[in-house]
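I have placed the structure first, in the form of C-alpha cells, so that the comments after it can refer back to it.
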Amino acid sequence: MLGSVIDVDTHRSVIIDAGRPTVLDFFESSNEGRMPELIALRCGRMLVSPFAFFRGSAGLMAGDLSAGPSIGLNAQLCGDAHASNFGLYGTHDGRIVMDINDFDETASGPWEWDVKRLAASLVVAGRVAGASERECRDAAEDAVRAYRGTVQHLASLSFLESWTALGDDSVLDRVKAHDLLDDFAGAAKKARKNTSARASAKWTTTTAEGQKFVARPPILTEVGAATADSVMNGMTDYLRTLRDSRRHLLARFNIADIAFRIGGTGSVGLRNYLILLRGNGEETVILQAKQAQPSVISRYVDQPVISHEGERIVHGARLVQTETDLFLGWTTIDGLPFIVRQARNLSGEIDVTSLADDHLDDYGRLAGALLAPCWREPTPAQSTPVFWLAMRV
C-alpha cells in the first residue's frame, strides 16, 4: 500500500476501459428519466464550451476513473467535484460560508476520484478562460497540494476543531489565496441579496387569488392542478425528514403557489418545482423540490442498496458540510425521489471561467482545501488509515 501512495507516476497514467461508451452513447444513456422535451435544451447548454460539457458529464469521467488506480481508502465523495460546484451560501444564523454545494452524485468511493475531477476541471476551466497551459497546470497542482496539506492539518486537530475549521473567508488566508479576497468579497456581496424575498419580488405577483408565480416560459411555467396536489402531498413526508425545531418552524407557513422551473446544466430535464410559502405579514420563503436520480458513480462502487435517492443526497451533504441548508430534506412526488431545500439561500459563486489568469491557482488552492473535509465520513475503522494517509501523501 505504501508503494501505491508514493508512486505518483501510477496515478499520472491514463487508462481507458475497453468498454468505454462514446460521447453520444453516454449522452443518450444519461437522459434516462429526464423529460424528453427538455433534452435538446440540455444538449445545447452542454455544447456552450468544453467546461460546460465537462460539468454535465460526470458519469463519463467516473467510468474513466474507475479504470484507474486506487489505494483502497474510501471517503464520502461529492461525486462531481468540479471547480464550479464550490459556492457560497447562508448558514442558519445568516453567515456566508463557502463549501461544496452540489451532492447529487454523492457516494462513498475512492478518495482519489474527487481530487482528480477537481484538478481536471481547473485545467478545462482555465483553458476556456484563456489561461496559459502553465497557469492551468499550476492551478491543478496547487489544488492537490492544498488538499493534501488541509487533510494533514485537519488530522492534527481535535474532532470538534476540525469540524468547524473551514468554510468562511478565513480559509483564504490559510491557503494563501489572498488574490481571491476581492473575488470572494464581491461574490459574498451579491449572495447577501440572493434571498427568498428578492426572488419573490422578481418571480411573483399579487392577484385576486393571492400571491402567485409569474410564468416566464420556458424557464418558469405553471403546473396543473394534479401536479400541484402531488407536490403538496409530498411536503408532508418532507417535513418528517427535518429536525423537530425546523419542522415546527416551517409548519407555520402556508403554501401559496407551485411552479415548474428548469434547473441548471446537470439538472435540465429533471422535474424541478418551486414552492412559494407565505409566513408572517409579507414574509415569503421559496423552496425548491428537485428530482433525485441515482449517482452516476454508483455503478462503479460497492455500496448498500439505496432506498431513496433524495435521502442519499441529503445524507451525503450532512456528512460533509459543516452547515447544511436550514430546510434541506427529501420526499417522494408521484413515485419519484426528490430533495427539498431553499431556492435562494444567500447563494453565490466565484465564476472560475472569468477569473484573472493569476487568480486561477488561488482558486485551485481554495477548492482543494474545501474538498478535504470529505474525509469526515464517520467510519471508525478508517480513523487510523486517514491519519496515516495525511502524514505520507
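What's the ranking of 122-131, 199-208, 89-98, 103-112 by average number of surrounding C-beta atoms within 10 Å, highest first? Don't skip to the answer; put the middle values down first.
Details: 122-131: 21.8, 199-208: 13.8, 89-98: 16.9, 103-112: 24.0.
Top to bottom by mean Cβ count within 10 Å: 103-112, 122-131, 89-98, 199-208.
Pairwise over distinct Cα atoms, reciprocal of the mean inverse distance: report the Kirkwood radius of the range 94-228 in Å, one decimal place.
Working: mean 1/r = 0.0524 Å⁻¹.
Averaging 1/r across every pair of different Cα atoms and inverting gives 19.1 Å.
Of the listed pairs Lys176/Lys202; Lys212/Lys290; Lys116/Lys190; Lys116/Lys176, which have alpha-carbon separations greater than 28 Å here? Don't skip to the answer; put the middle values down first.
Details: Lys176/Lys202 38 Å; Lys212/Lys290 20 Å; Lys116/Lys190 30 Å; Lys116/Lys176 22 Å.
Table pairs above 28 Å Cα-Cα are Lys176/Lys202; Lys116/Lys190.
With springs connecting C-alpha atoms under 10 Å apart, model the chain as a Gaussian network and identify which of Pro294, Pro217, Pro69 has the largest mean-square fluctuation.
Evaluated over the chain, the most mobile residue of the options is Pro217.
Which whole-number value in Å³ per residue fits the convex hull of the alpha carbons of the range 243-348?
Working: hull volume 15.1 nm³, N = 106.
In the range 243-348, the Cα convex hull volume per residue is 142 Å³.
For the range 234-247, take each phi angle, set θ = phi - 60°, evaluate the Karplus expression 6.51 cos²θ - 1.76 cosθ + 1.60, and give the result in whole Hz per residue in order, putting x for glycine and proline.
x, 5, 5, 5, 4, 4, 5, 8, 8, 4, 3, 4, 6, 5
State in Å² the accessible area per residue of the range 1-129; use a 1.4 Å probe, count heavy atoms of protein chains only, and round to the nearest integer.
Details: 5490 Å² over 129 residues.
So the range 1-129 comes to 43 Å² accessible per residue, rounded to a whole number.
Given a 10 angstrom Cα cut-off, can you work out which residue in Asn74, Asn272, Asn31 is the most mobile in a GNM of the chain?
Among Asn74, Asn272, Asn31, the largest mean-square fluctuation in the Gaussian network model of the chain belongs to Asn31.
The values are calculated or read from the model by the stated rules, or taken from the named source; none is laboratory data. All figures in this text were calculated on a predicted structure; none of them were measured in a lab. Every residue, glycine among them, receives a Cβ derived from its backbone with ideal geometry; neighbour counts consider all protein chains shown. SASA here: full protein model, heavy atoms, side chains in, ligands and nucleic acids out. Shrake-Rupley method; radii C 1.70, N 1.55, O 1.52, S 1.80 Å.
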